[in-house]
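Structure first, then comments.
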Amino acid sequence: MGAGKWIGGILGFMAGGPLGALAGFALGALFDDNTLQEQSGKRMYGQPEGQSYYEGRRNSFLFSMLVMASYIIRADGRIMHSEMEFVRGFLRRNFGEQAVGEGERILLNLFEERKRMDAAHPGAFRNTIRECGAQIAANLSYEERLQLLGFLAEIARSDGHVSPEEVDALKEVAACMGMSTQEVESLLNLRGNTLEQAYKVLEITPDATDQEVRAAYRRLALKHHPDRVATLGEDVRKAAEEKFQEINNAKEQIYKARNMK
């Protein structure tokens, strides 16, 4: 499977704007000369033959995830081996073996582009990330953005410790994608084992009434339902199902503590 099969070149809504500019640099190295010749000109920035609207949308989602991941990983000024190893496993588990090498190369290219941009104009990459977030917000549904943010939260907590810089970066990315601080806290506390973490997952406080607990769970169940990201592919849907189960686990923990049914 070639690069065009996993992430598909410059397709979908990332064809223009800041994402398109980054894609031209980060994806170009994945294509051999023949592929680049075949996809040059308008086809490189459009929808190649045989590619559907949904494939283009999925490809844009995947590339957007890697762009934002490059920002989260470097939030504390370091590229940790444990984080990169987690990303490799994450890509393998969610998107298949072919995604591992290609995804890693895209990230390394993005790290290099960040270095180049910031050397020329300090803070330039951060500004580009904010512009990319606005482009993502304008083109992905709320539920799709929530899934993307969930992937980023998993990467941030991969070494068992989320630094303050990573939390700030996640909140910054969430804000530019039109999402809230509460949603970041919710996603960071998935897979927690304390009651306090369970309340954060449901985006409520321990003093919430039983009625508010039920309403919070219904709200989260709707916005995190796997069917809402089904058009991005079965692998993305499967990851959403796992997250949905973690939300159910948090709800059950709270219900049990309150003797709710």
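Full extension of the chain between D159 and R218 gives 18.1 nm of extra length, using 0.36 nm per residue less the Cα-Cα distance. Round to a whole number: what % of the accessible area of the chain belongs to carbon and sulfur, probe 1.4 Å? With neighbouring chains kept in place, the figure for the chain is 49 percent. Residue ranking by accessible heavy-atom surface, 1.4 Å probe, largest first, among F90, F13, F25 comes out as F25, F13, F90. Using a simple spin-label model with pseudo-atoms 7 Å out from Cα toward Cβ, R93 and D168 lie 2.9 nm apart.
Taking all protein chains together, R228, R214, R58, R116 sort by accessible area into R116, R228, R214, R58, largest first [probe 1.4 Å]. With the whole protein complex present, S158 retains an accessible surface near 40 Å², based on a 1.4 Å probe.
Our analysis of region 103-201 gives Rg over Rh at 1.01, with the two radii drawn from alpha carbon positions and Rh computed by the Kirkwood formula. Maximal additional length on extending the N193-M80 stretch stands at 38.1 nm, based on 0.36 nm per residue less the C-alpha distance.
Among the listed pairs K223/K261; K115/K200; K115/K223; K171/K256; K115/K171; K171/K261, those with a Cα-Cα distance over 29 Å are K115/K200; K115/K223; K171/K256; K171/K261.
Label zone (Y54, point 7 Å along Cα-to-C-beta; backbone nitrogen cut-off 17 Å) within region 227-261: 227-241. Loop-located GluC sites (Glu not before Pro) in region 132-197 (DSSP state other than H, G, I, E, B) with a sparse environment of at most 11 neighbouring Cβ atoms within 10 Å are absent. Dimensions of the chain along the principal axes, based on C-alpha atoms and rounded to the nearest Å, stand at 65, 40, 30, largest first.
The values are calculated or read from the model by the stated rules, or taken from the named source; none is laboratory data. Since this is a predicted model, take the numbers as computed values, not measurements. Neighbour counts run over all protein chains shown; Cβ positions are idealised from the backbone, glycine included. Surface accessibility is based on the protein's heavy atoms, side chains included, excluding ligands, DNA and RNA. Shrake-Rupley method; radii C 1.70, N 1.55, O 1.52, S 1.80 Å.
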